[in-house]
Amino acid sequence: MAERATFRVKRGLAEMLKGGVIMDVVTPEQAGLAEEAGAVAVMALERVPADIRRDGGVARMSDPTMIKEIQAAVSIPVMAKARIGHFVEAQVLQALEVDYVDESEVLTPADEANHIDKHAFEVPFVCGATNLGEALRRIGEGAAMIRSKGEAGTGNIVEAVRHLREIVGGIRRLTTLRAEELPGAAKDLRAPIDVVEEVAGAGWLPVPLFCAGGIATPADAALTIQLGAEGNFVGSGIFKSSDPERRARAIVEATTHAADPERVAAASADLGEPMRGDDIAQLAAEGELLQQRGI
Amino acid sequence: MDRGELAAPPAREGERPLRVGVLASQGDFAAHAEMLRELGAEAVEARGPAELSELDALVIPGGESTTITKAIERDGLAPAIREHAAAGRPVLGTCAGMIVCDRDHLGLIDARARRNAFGRQLASFETDLEIAGIGPDPLRAVFIRAPWIEEHGERVEVLARHQGHPVAIRDGAVVACSFHPELAGDPRLHALLMAMATSARKREEVPR
């Protein structure tokens, strides 16, 4: 008998996106450009994170019409964002048949204490994480894909690197523990013991780990892969640069050939201006860090 | 378990293991490589033309077919893949890999795949599937935004159908399936590929 929406089926799509780049797009034209450049999926949203950051106010789920137009424009998977804890936005996105829901800190959180019960949905979810405990809590809630949060909309890779090292290093440390030490580790990580045991045994998350938040160049994209990410999300980095089409292709190429410096060098040449980028310390001083939402 | 065609004897003592490439431009190539290693193959992640030469068998994995197609073009991989297939060395294409093998792409199979034929992710599913040539036990098949074979030539053998549509086929030394055998851990299609590779190697070793 055919079974839909099993955890294996939900995770399965994320497995197929590995080694690829998921690009933020705000119009059908951008979605078409992303597909043509070799994106494995697009994230349909109203404003890229850099603009959300600049505009301020409450950032919400996108208009369904805009999501449908993007679905009609491309044949690759279409993802869309729901606010943290806003399970009705997620219900709407499921009704629109998006391929993945991103419960995202880039939007203004709807619930300061709880995330969405993702097991209750047929559509799969991706969630952000800054460290292993956060990743495992999201997996416990039903996330079928994890992305390191980084700091969206900054064009600054430093936070993505920090979060990837936290997650990958945390996994490595778990694998060194004895069985009787795992309950204590689960307590420290504030994560479900069964997920902690699974990660300690397998030496990796039970779902794919991607990187997001700050990738602006091909070298950034190759850096995250070499640090252990299995694919990349690129938000503002493409469409806030001077030549989105070339930059998109170059980031796709560098993600595939991350371990080959000559290929990354070739991909990096003559791309025009990258997005300008923000200093993280200044954002932190102003209390503007998105990564601290929904941990 | 009846393993049908897989009852081929294991590699002889001292024989070098089969060298099986997994196209690693994009997709779940790592899961295939792991499965092949468990079966005793030397698995090679192939991203460039050089890594595609001198292979006993090749897997074109699942992923996004548009992304993989563009990578094949960008990285100039088509001649090496066609050369491999033309030498009669086996190929296994899964999901996106089935699409990439079809008449409209690399042309390794005399068939045309229909992309996303079963629908979007919400329509993705897993099921038990009987497949000709790997024994009577069904294989757990995971279909993710999967294609089916829309139309095929006479020499193509249909190994399995779902809802009436061909979802696993064989055309000469190329096996293509709509689903992901690597996601559910049943290695029989990979073992079939390796048995075909062993036969192909023996044929090549016969002195002319």
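Details
- Selection status of B:G97, within 14 Å of another protein chain (Cβ to nearest Cβ), part of a helix (DSSP H, G or I), of a type in the set (G, A, S) and open to solvent by less than 20 Å² (accessible area, probe 1.4 Å): yes
- Options A:I225, A:I251, A:I215; residue that is part of a helix (DSSP H, G or I) and open to solvent by less than 10 Å² (accessible area, probe 1.4 Å): A:I251
- For region B:44-77, the set of residues classified as farther than 22 Å from A:V21 by Cβ and either among the β-branched types (V, I, T) or within 16 Å of the chain's Cα centre (by Cα) (or both) consists of B:V44, B:L52, B:L55, B:D56, B:A57, B:L58, B:V59, listed by residue number.
- Of the residues making up region A:1-16, those that are in contact (Cβ under 8 Å) with a residue 60 or more places away in the chain, farther than 12 Å from B:L183 by Cα and within 7 Å of chain B (Cβ to nearest Cβ) number 1.
- Scan of region B:125-173 for residues that are β-branched (V, I, T) and out of contact with any His (no Cβ under 6 Å at 6 or more places or on another chain), ordered by number: B:T127, B:I131, B:I134, B:I144, B:I149, B:V156, B:V158, B:V167, B:I169
- Test result for B:R112, open to solvent by less than 50 Å² (accessible area, probe 1.4 Å) and either within 13 Å of chain A (Cβ to nearest Cβ) or not in a loop (DSSP other than H, G, I, E, B) (or both): no
- In region A:17-40, of all residues being at the interface with chain B (Cβ under 10 Å from one of its Cβ atoms) and in a helix (DSSP H, G or I), the one that is surrounded by the most Cβ atoms within 10 Å (Cβ to Cβ) corresponds to A:L17.
- Sole residue being part of a loop (DSSP other than H, G, I, E, B) and modelled with pLDDT of 95 or more, chosen from A:M43, A:M61: A:M61
- Counting only helices (runs of 4 or more DSSP H) that sit completely within region A:81-193, those holding 1 or more residues that are more than 14 Å from chain B (Cβ to nearest Cβ) and touching a Gly at 6+ places or on another chain (Cβ under 6 Å) correspond to A:132-140, A:158-175, A:182-189.
The values are calculated or read from the model by the stated rules, or taken from the named source; none is laboratory data. Worth saying up front: this structure is predicted, and the values here are computed from it rather than measured. Every residue, glycine as well, gets a Cβ built from its backbone with ideal geometry; the counts of neighbours run over all protein chains shown. Each accessible area value is taken on the protein alone, full model and side chains, heavy atoms only, with ligands, DNA and RNA left out. Shrake-Rupley method; radii C 1.70, N 1.55, O 1.52, S 1.80 Å.
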